[in-house]
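Single-structure report; data block below.
Where a number appears in this text, it was derived from the coordinates with a stated rule and is not lab data. Just so we're clear, the structure is a prediction, and the values are computed from it rather than from any experiment. Cβ coordinates were reconstructed from backbone atoms using ideal geometry, including for glycine residues, and neighbour counts include every protein chain displayed.
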Amino acid sequence: MATGWAGDGAVQDQIDATIKDGIKRARTQLRAGPGLERCEECDAKIPEARRKAVPGVRLCVKCQEASDQDARKAAGFNRRGSKDSQLR
């Protein structure tokens, strides 16, 4: 049932587009190739097991966690917006 200017399935289409954008953004941030032996932030040694598990690793676990927290704070997705603002 369509209401207003939005067609049937418009909300689901918006959700699907948001998910696809998130996946695309995450894939662009993946690194490849050999990882660094020392963290580029604090110069701590990165263990061999981490370098094998995470291709292209550049940060130690502590610095990576700090970086991830900063990224989450800056994400700022509006999940509580009105339906009209999500369908534009």
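Some values worked out for this structure:
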item: Separation in nanometres of the label points that stand 7 Å from Cα toward Cβ, at Gln29 and Arg72; result: 1.2 nm
item: Within segment 1-64, trypsin sites (Lys or Arg not before Pro) in DSSP loop having at most 14 other beta-carbon neighbours inside 10 Å; result: Arg31
item: Order of Leu30, Leu36 under a 10 Å beta carbon neighbour criterion, fewest first; result: Leu30, Leu36
item: Evaluated at q = 0.17, 0.21, 0.25 Å⁻¹: base-10 log I(q)/I(0), Debye formula over Cα of segment 30-73; result: -0.43, -0.63, -0.84
